[in-house]
Amino acid sequence: MKPEVKRFSTTVGRHTISIETGRLASLAGGAVTVQLNDSIIFAAATMGGAREGIDFFPLSVEYEERLYAGGRIPGSFYRREGRPGSEAILTARLTDRPIRPLFAEGMRNEVQIIMYALSADNENPIDILAINAASAALMISDIPWGGPIGAVRIGRIDGNFIINPTYQEMDASTLDLRIAGTRDAILMVECGAQEIPEDVMAEALAFGHQALQPLIDLQEQMAREIGKPKREATIILPNDELQKIVFDKVSGKMEALFDQTLPKAELYAALEEMLAELTAELIPAETQDKTGLPTVEDIRNAFMEAEKRVVRRRILEYGKRPDGRTPTQIRPIWCEVGLSPRAHGSGLFTRGETQVLTLATLGTLGEAQELDGLAPIESKRYMHHYNFPPFCTGEVKPLRGQSRREVGHGALAERALEPVIPSEETFPYTLRLVSEVMSSNGSSSMASVCGSTLALMDTGVPIKAPVAGVAMGLVMEGDRYQILTDIQGIEDHLGDMDFKVAGTAEGITALQMDIKIGGLSAEIMKQALEQARQARLQILGEMLAVIPKPRPELKPHAPRITTIKIPVDKIGAIIGPGGKNIRALQEETDTKIDIQDDGTVYIAATNGDSARMAVERIEAVTETPQIGRIYTGKVVRVTDFGAFVEILPGTDGMVHISQLDSERINRVEDVANVGDELTVMVTGIDAQGKIRLSRQAVLEGWSAEEAQERDQKGRSSGGGGRPSTGDRRPHGGDRRGGRDDRRSGGGYNRR
């Protein structure tokens, strides 16, 4: 029997968004499709049992791109989707971040959310629909959850905010703000911007929070009408009595330890030693087999809770941070550039115990990354990759490829710098930046932004303005709160917010916010933005003291790109059959060559001689002969009445016997034989493209006007300037020659 399908709709900005359930995935805990115009995304949320012995909430959020949604077949060898690409990973992370804080503390049941697009219209982005789909699936499911949340994208065109702009509108927008929140507060922010001022960004956040309210209303209506009864979840909370015992025993020692403002490694070692002593005291070795005693894991959890209480209390009551800084103080900064002699640029940025080395590489436009996703974006010429090896935190772990976190941090740094990267027209390069985290104690993604700015300026990339970034934190208890500038690892772990802000001296280029509480008010976010601005200006000052502006020239090993323009109908001649000609040209000249559809040719070389050689070869192939121009070419055929000379690759003309010398000659071979080089001038080109040449014009120094005049007189009088049959074709055709018809003034007839 066909199931009953329920459909709910609301208006968000200019668009109608519909949520449907009942048609698909009846065995999932909750399943919906969310539709905006012809874009449809499916989401299913399901809860399992509790895993034995885990001390975390096992939530997984997966989004996989299905290219059938865009009417395309995957381009891989197997013709099916492989591992998720960067955009799919970012969509999954974007969905996970606002959903996770609304599950009950201590929940241990496995929860899985799976999403994929059923239709993509190449007009409306999928990522915002995914967040709403996951929230709606949870709301109508049997999974206990503290939602709903709504999500919108905000653009800004001509000073006006736009809700859920299309891809085409985003091209003209100075803002790409994705925001998710509950009825009362903002939960998640992901943003790229063209140097937006802080006050405008605060307006955009408030506008976005208001814009998502209809989605909250819609999901609450769905939960009331069709929501399933919620199941009981397994909740594991700390033992209150044990927590009190542990706190009383260690809080004083922790206060004294934090007063020492130790480095990260020493602090964590001292805390581990304190925990070991506490465990030995609460579970004496001779009583470990007895029942009724707390477990080692119970004691560790209580100890960590005590640490959290001590750190947060010190911040809220005394403004004391674990490393002794004030709430607005930035850790010591030092920078270097030019560490790698062979990389095209490098920048080292160190802030406290966080250190990032970014290396820059320039390539041709043909090396841009090709994208094979549902978005109508086929390639990108600026890439930022971020690596977080285990040694940067003093750990030993297997290397398993790039993690989701690394993909996300690289994308954030890329978004922060993208507004200042020069356009393809003014700087025709592909750029790849790689940020290697050498040491991490908080805010490594923002250190990547700073290190990347240094690397770009060291390379000589004419960026519009330097960019710096800083991570802001928050400790909040009731109505009391403290915003922290430049948070380190322990403050991120024990605090309530990680709010990353990057930008230039003029404004914001990127935002990312994750919180662990139920949301933030607009006032707190406005204050955090202003505090971040002050920090950003200070950090920029430190960076610019090392390298105040981009280098005037590229590094010696960086490719220099020469740009020339050729006729579109000559592109095939350069490329050749199957790319044969261009491959040979690149190999012979030691260059990389990219040809655009409009005839623009980019030649990349690390030395000027190679570039000049490539330019000359290309110009030779694509040049159109002009009257009065002098060429040196090889004789490719000799007849009784003249010599055929190849003046350009595949293009030859004829020098009549009367034009081979200043004096009369009896035989063509007296002056020209096959393989000889002759310097000649073009004196005429007829309507069929046949070219007439003269060696006499070069010997006697004729001007272009004189050559053309003599050629015309010769043809009209039947003299020695009789038109040749030189033609634009590969030589090697009919070489039988002809007969010299002296009566017609030196012309000839081909047999």
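The values are calculated or read from the model by the stated rules, or taken from the named source; none is laboratory data. Given the structure is predicted, the values throughout are model-derived calculations rather than measurements. A quick note on method: Cβ atoms are made from the backbone with ideal geometry, for glycine too, and the neighbour counts reach across all protein chains shown.
If you check 133, 172, 180, which single one turns out to be of a type outside the set (Val, Ile, Thr) and over 21 Å from residue 205 (Cα atoms)?
Details: 172 fails: over 21 Å from residue 205 (Cα atoms); 180 fails: over 21 Å from residue 205 (Cα atoms).
After applying the criteria, what remains is 133.
Candidates 199, 217: the one that is under 30 Å from residue 48 (Cα atoms) and of a type outside the set (Ser, Thr, Tyr) is 217.
Please work out which residue is farthest from residue 215 (Cα to Cα), limiting yourself to region 1-60 and to residues that are under 33 Å from the mean Cα position of the chain (by Cα) and charged (D, E, K, R). Among residues in region 1-60 that are under 33 Å from the mean Cα position of the chain (by Cα) and charged (D, E, K, R), the one farthest from residue 215 (Cα to Cα) is 38.
Residues checked against (1) under 57 Å from the mean Cα position of the chain (by Cα); (2) closer than 30 Å to residue 575 by Cα; (3) part of a loop (DSSP other than H, G, I, E, B):
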position	(1), (2), (3)
628	yes, yes, yes
634	yes, yes, no
638	no, no, no
647	yes, yes, no
664	no, no, yes
669	no, no, no
672	no, no, yes
675	yes, yes, yes
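For the condition within 20 Å of residue 500 (Cα to Cα) and either outside any loop (DSSP other than H, G, I, E, B) or not polar (S, T, N, Q) (or both), what is the one hit in 400, 415? Answer to the selection: 415.
For region 620-673: of the residues being of a type in the set (Gly, Ala, Ser), surrounded by fewer than 20 Cβ atoms within 10 Å (Cβ to Cβ) and in contact with a Leu (Cβ under 9 Å, 6 or more places away or on another chain), which is modelled with the highest pLDDT? Please lay out each step first, then the result.
Taking region 620-673 as the starting set, the residues that turn out to be of a type in the set (Gly, Ala, Ser) are 620, 628, 633, 642-643, 650, 653, 658, 662, 672.
Next cut, surrounded by fewer than 20 Cβ atoms within 10 Å (Cβ to Cβ) only: 620, 628, 650, 658, 662.
Those left that are additionally in contact with a Leu (Cβ under 9 Å, 6 or more places away or on another chain): 620, 662.
Numbers: 620: 78, 662: 87.
Filtering region 620-673 for residues that are of a type in the set (Gly, Ala, Ser), surrounded by fewer than 20 Cβ atoms within 10 Å (Cβ to Cβ) and in contact with a Leu (Cβ under 9 Å, 6 or more places away or on another chain), the one modelled with the highest pLDDT comes out as 662.
All but one of (1) surrounded by 16 or more Cβ atoms within 10 Å (Cβ to Cβ); (2) of a type in the set (D, E, K, R); (3) outside any helix (DSSP H, G or I) hold for residue 617; state the number of the condition that does not hold. Failed condition: (3). Of the residues in region 100-115, how many are under 21 Å from residue 519 (Cβ atoms) and in contact with a Phe, Trp or Tyr (Cβ under 7 Å, 6 or more places away or on another chain)? Number of matching residues: 3. Scanning region 475-524 for residues that are among the basic types (Lys, Arg) and surrounded by fewer than 23 Cβ atoms within 10 Å (Cβ to Cβ) gives 480, 516. Among the residues of region 67-82, not a single one is more than 21 Å from residue 411 (Cβ to Cβ), in contact with a strand residue (DSSP E or B) (Cβ under 8 Å, 6 or more places away or on another chain) and among the charged types (D, E, K, R).
Tell me, yes or no, whether region 520-528 has at least one residue that is at pLDDT below 95, in contact with a Pro (Cβ under 7 Å, 6 or more places away or on another chain) and under 23 Å from residue 323 (Cα atoms).
Within region 520-528, none of the residues are at pLDDT below 95, in contact with a Pro (Cβ under 7 Å, 6 or more places away or on another chain) and under 23 Å from residue 323 (Cα atoms).
Applying the condition of being within 39 Å of the chain's Cα centre (by Cα) and surrounded by fewer than 16 Cβ atoms within 10 Å (Cβ to Cβ) to region 306-320 and asking which residue is nearest to residue 484 (Cα to Cα) yields 319. If you go through region 557-599 and keep only what is on the phi > 0 side of the Ramachandran plot and not in a helix (DSSP H, G or I), you end up with 576, 590, 599.
Residue-level analysis places residue 373 outside the set of residues that are small (Gly, Ala, Ser), out of contact with any Pro (no Cβ under 7 Å at 6 or more places or on another chain), surrounded by fewer than 22 Cβ atoms within 10 Å (Cβ to Cβ) and at positive phi.
In a residue-by-residue description of region 467-481, the property of being under 18 Å from the mean Cα position of the chain (by Cα) and charged (D, E, K, R) applies to no position.
Could you list all residues from region 48-102 that are out of contact with any helix residue (DSSP H, G or I) (no Cβ under 9 Å at 6 or more places or on another chain) and among the hydrophobic types (A, V, I, L, M, F, W, C)? The answer is 50, 54, 56, 67, 69, 77, 88.
What are the residues in region 402-416 that are of a type in the set (A, V, I, L, M, F, W, C) and closer than 10 Å to residue 446 by Cα, if any? Before the answer, list the steps.
The initial filter retains those residues of region 402-416 that are of a type in the set (A, V, I, L, M, F, W, C), namely 407, 411-413, 416.
Across region 402-416, the qualifying residues are 412, 413, 416.
Looking only at region 80-94, decide whether some residue is polar (S, T, N, Q), surrounded by fewer than 24 Cβ atoms within 10 Å (Cβ to Cβ), assigned by TED's automatic domain parsing to the domain that holds residue 23 and more than 28 Å from residue 54 (Cα to Cα). Looking through region 80-94, at least one residue is polar (S, T, N, Q), surrounded by fewer than 24 Cβ atoms within 10 Å (Cβ to Cβ), assigned by TED's automatic domain parsing to the domain that holds residue 23 and more than 28 Å from residue 54 (Cα to Cα). The set of residues from region 580-600 being more than 28 Å from the chain's Cα centre (by Cα) and of a type in the set (Ser, Thr, Tyr) comprises just one member, 589.
Checked against (1) touching a residue at least 60 places away in the same chain (Cβ under 8 Å); (2) over 22 Å from residue 681 (Cβ atoms); (3) surrounded by fewer than 14 Cβ atoms within 10 Å (Cβ to Cβ), residue 572 meets all criteria but (1). Just one of the listed residues (127, 38, 55, 121) is under 30 Å from residue 232 (Cβ atoms), assigned by TED's automatic domain parsing to the domain that holds residue 149 and among the acidic types (Asp, Glu), and it is 55. Do we find a residue being modelled with pLDDT of 95 or more and surrounded by fewer than 19 Cβ atoms within 10 Å (Cβ to Cβ) anywhere in region 103-110? The answer is yes, given that some residue of region 103-110 is modelled with pLDDT of 95 or more and surrounded by fewer than 19 Cβ atoms within 10 Å (Cβ to Cβ). Against the criterion of being out of contact with any Lys or Arg (no Cβ under 9 Å at 6 or more places or on another chain) and touching a residue at least 24 places away in the same chain (Cβ under 8 Å), residue 584 does not qualify. Of the set (1) touching a Ser or Thr at 6+ places or on another chain (Cβ under 9 Å); (2) within 17 Å of residue 141 (Cα to Cα), all apply to residue 22 but (1).
The set of residues in region 80-99 being more than 17 Å from residue 517 (Cα to Cα), assigned to a helix (DSSP H, G or I) and basic (Lys, Arg) consists of 93 alone.
Among the strands (runs of 3 or more DSSP E) lying completely within region 136-214, list those that include at least 2 residues that are in contact with a Gly (Cβ under 8 Å, 6 or more places away or on another chain), modelled with pLDDT under 95 and closer than 19 Å to residue 412 by Cα. Once the strands (runs of 3 or more DSSP E) in region 136-214 are filtered for at least 2 residues that are in contact with a Gly (Cβ under 8 Å, 6 or more places away or on another chain), modelled with pLDDT under 95 and closer than 19 Å to residue 412 by Cα, what remains is 186-196. Listed conditions (1) without any contact (Cβ under 8 Å) to a residue 24 or more places away in the chain; (2) touching a strand residue (DSSP E or B) at 6+ places or on another chain (Cβ under 9 Å) are all met by residue 674, apart from (1).
For region 5-18, the condition holds for no residue, the condition being that it is assigned by TED's automatic domain parsing to the domain that holds residue 212, free of Cβ contacts under 8 Å to residues at least 12 places away in the same chain, at positive phi and not in a helix (DSSP H, G or I).
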